[in-house]
Amino acid sequence: MTAPREVAPDSTVPSRLDDVSSQPADRDTSPNSTLLVERIRRARPSFSAMETAVADHLLSDPSAVVSATTAELAKAAGVSQASVV
């Protein structure tokens, strides 16, 4: 069996989020704060309307999003499943 290949953290993040990685992060030390949440907050102004709807839902309750299906996320954000993926 082959060992899992290591993947750079930014390799699965859309390129628009990569643009904000060089900006200094104002870290929130609350339990729900993560680097990804902060990056989404910073990149949000450049998102489309559907991306903004998904981002707003994610930002409203990041811990719930972790265990949600794409169908659940889409319904909660008021967008199609394709918009979530």
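Residues in the range 44-58 that are of a type outside the set (S, T, N, Q) and either more than 10 Å from Val84 (Cα to Cα) or open to solvent by 60 Å² or more (accessible area, probe 1.4 Å) (or both): Arg44, Pro45, Phe47, Ala49, Met50, Glu51, Asp56, His57, Leu58. Taking the numbered list (1) modelled with pLDDT under 90; (2) open to solvent by 80 Å² or more (accessible area, probe 1.4 Å) in turn, Asp61 passes all entries but (2).
Within the range 70-79, restricting attention to residues that are touching a residue at least 24 places away in the same chain (Cβ under 8 Å) and open to solvent by less than 60 Å² (accessible area, probe 1.4 Å), the residue that is farthest from the chain's Cα centre (by Cα) is Val79.
Tell me whether the range 29-47 contains one or more residues that are at pLDDT 85 or above, under 13 Å from the mean Cα position of the chain (by Cα) and not in a helix (DSSP H, G or I). So far as the range 29-47 goes, yes, one or more of its residues are at pLDDT 85 or above, under 13 Å from the mean Cα position of the chain (by Cα) and not in a helix (DSSP H, G or I).
The values are calculated or read from the model by the stated rules, or taken from the named source; none is laboratory data. Computed from a predicted structure; not experimentally measured. Note that each Cβ is placed from the backbone with ideal geometry, even for glycine, and that neighbours are counted across all protein chains shown. Surface areas here come from the heavy atoms of the whole protein model, side chains and all, with no ligands, DNA or RNA. Shrake-Rupley method; radii C 1.70, N 1.55, O 1.52, S 1.80 Å.
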